[in-house]
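J.: My questions will all concern the structure given below.
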Amino acid sequence: MTVVAVDPVAPDPAVAVRAGRVLGAGGLVALPTETVYGLAAAVSDGEALARVFAVKGRPATDPLIVHVTDVDQARSVVGDLPDRARALARHFWPGPLTLVLPRTAAVPDVVTAGGPTVAVRVPAHPVALAVIAEAGGPVAAPSANRFGRISPTTAAHVLAELADRLDPSRDLVLDAGPALLGVESTVVDLTGARPRLLRPGGVALEDLEAVLGPVDHTEREVRPEADAASAPGRFLRHYAPTTPLVLAEADRATVDRLVAELADRGLRARTVDLPADADRAAPVLYATLREADAEGRDLLVVTPLPPGGLGRAVNDRLFRAAHGRIVTDASAATVDRLVALARS
Ligand code: TXA
Ligand code: MG
């Protein structure tokens, strides 16, 4: 696969031009954003968009986020922004906030999964912005991982996920070093009477509410996969390692006892340790899960972070990576349950 290194702060304009040409010719560009790496295609190119779904193995019912350079370009996909959207754009763009708004006719069905709304954001990354500018129009970019798997925060992660699925003669991977934020954008739906949080992410709910007032949200909302079309992006099996993982809502001593009991039963289990401070945990979350997964253990155990700020986004990803499995004690019943899970 062709990988081109590019400075994350002051990207070489020639690299952006090259990436813009790749997009113009129907190719895909894996590019850095401040959140995670994305797999970009021109919104105007239906065939390239279809390849994004094919390469990721993503169901056609799960719509893509459109990435634009600024509010003006956003208007090409959503028309005039309502007041609430303009206020949010002023506060948080460029940045990790995605707005769901009614779409214009310029947005093809493949991007929105046929729905009446489109998700749009201005990424806060010089490389992403330069590439979109050179593409001459909006680009759609999901995270550059296989569907349901751990999102990539480095170009090496992108290659581990997609190298064998990309076309070296048409596509390009840009390497600008690690994504600094480490969790995806916050997705907020502005199409209803009240704003609604669809995915916690890089902009904290508290900060959204400081601008918008109350934002509807559901703790640990999970929809059956069959219901994806009416609730895009809320699949439970997301961000998941291949090693079974459980979320332990218990103190350290209980978790250590649990892991020891599992070892006594012959399981190679370990805890996944993240910094307690969410601002420090988010940037290493996905790399830490990837490394733990690569050890080929029988079971991974992780504890949630305090829920404020980025903690909400990190905990959401951990809950989904755990497929919603939670343990709260180290009882014999819990140990039995986890032994069965690891052996299944
Ligand atoms: O930080 C991010 O948002 C990254 C970077 C690359 O920008 N992108 C990303 O894309 O996370 P993806 O495709 O992995 O996640 C997009 C989420 C999905 O949960 C999708 O269902 C939801 O946004 N989404 C997209 N369009 C939507 C729409 N019209 N209505 C509701 N949800 C939508
Ligand atoms: Mg994703």
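J.: Could you list all residues from region 145-169 that are near ligand 1 (Cβ under 9 Å from one of its atoms) and either under 13 Å from residue 77 (Cβ atoms) or among the small types (Gly, Ala, Ser) (or both)?
T.: 151
J.: Sticking with this one: Check whether at least one residue in region 29-40 is modelled with pLDDT under 95 and within 15 Å of ligand 1 (Cβ to nearest atom), and report yes or no.
T.: no
J.: So, restricting to helices (runs of 4 or more DSSP H) that lie completely within region 71-146, which ones have at least 3 residues that are out of contact with any strand residue (DSSP E or B) (no Cβ under 6 Å at 6 or more places or on another chain) and modelled with pLDDT of 95 or more?
T.: 71-78, 83-92, 126-135
J.: Counting only residues that are buried (at least 18 other Cβ atoms within 10 Å of the Cβ) and in a loop (DSSP other than H, G, I, E, B), which one in region 18-43 is farthest from ligand 2 (Cβ to nearest atom)?
T.: 27
J.: Output the residues belonging to region 238-255 that are at pLDDT 95 or above and in a loop (DSSP other than H, G, I, E, B).
T.: 243, 244, 249, 250, 251
J.: I've got another one for you. So, in region 286-319, exactly how many residues are over 17 Å from residue 256 (Cβ atoms) and among the β-branched types (Val, Ile, Thr)?
T.: 2
J.: Between 181, 166, which is within 16 Å of ligand 2 (Cβ to nearest atom), part of a loop (DSSP other than H, G, I, E, B) and of a type in the set (A, V, I, L, M)?
T.: It is 181.
Okay, residues lined up against (1) away from ligand 1 (no atom under 15 Å from the Cβ); (2) over 19 Å from residue 41 (Cα atoms); (3) surrounded by fewer than 17 Cβ atoms within 10 Å (Cβ to Cβ):
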{"residue": "79", "(1), (2), (3)": "no, yes, yes"}
{"residue": "102", "(1), (2), (3)": "no, yes, yes"}
{"residue": "124", "(1), (2), (3)": "no, no, no"}
{"residue": "136", "(1), (2), (3)": "yes, no, yes"}
{"residue": "143", "(1), (2), (3)": "no, no, no"}
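The values are calculated or read from the model by the stated rules, or taken from the named source; none is laboratory data. This structure is a prediction, so every number in the text was calculated from the model and none was measured. No Cβ is skipped: glycine too gets one built from the backbone with ideal geometry, and neighbour counts run over all protein chains shown.
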